[in-house]
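Everything on this sheet refers to the single structure shown next.
Quick note: the coordinates plus some simple rules give every number you see, no bench work behind them. This one's a predicted model, so the numbers in the text were calculated from it and none came from an experiment. Glycine also receives a Cβ, built like all others from the backbone with ideal geometry; neighbour counts cover every protein chain displayed.
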Amino acid sequence: MTRILAIITALAIIAALALSSRAAEATPDGRCKGIRLCGKVKVVNSFPDLKVQVVDRFPDLKVKKVQSFADEIGEWKFVERGEDFTVQFVDSFPDLKIQYVDAFPGVR
């Protein structure tokens, strides 16, 4: 009986770890972890709203850097103050994978 209980507990722990390690990814409506993926973005080194990895292929979101009016999904204006959300650039285990583009930003 205790052996069965130990097996069930181990399976529950493995399932919980697998679910928690999944990347957040962008939803079709342009959100990740509840954050709308447009607007003013501040780059930080710790405690970000989103961990972001820049890739060349197969992004979750195509990002266009803009100087004003970052109103559409995928348009980001990088700022030092007054941000809508913060990002930290990482090489592994991102919440979101992005690719910089000059035109047609948005969810892939």
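Summary table below
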{"item": "Residues Phe47 and Arg81, FRET efficiency given R0 of 22 Å [Cβ-Cβ distance, rounded to 0.05]", "result": "0.85"}
{"item": "Angle between the chain longest axis and helix 2-20 axis [Cα atoms, degrees, rounded to 10]", "result": "0 degrees"}
{"item": "Potential extension, Lys33-Met1 segment - 0.36 nm per residue separation minus Cα distance", "result": "7.5 nm"}
{"item": "Rounded to whole Å, sorted largest first: equivalent-ellipsoid semi-axes of the chain, Cα gyration tensor", "result": "35, 14, 11"}
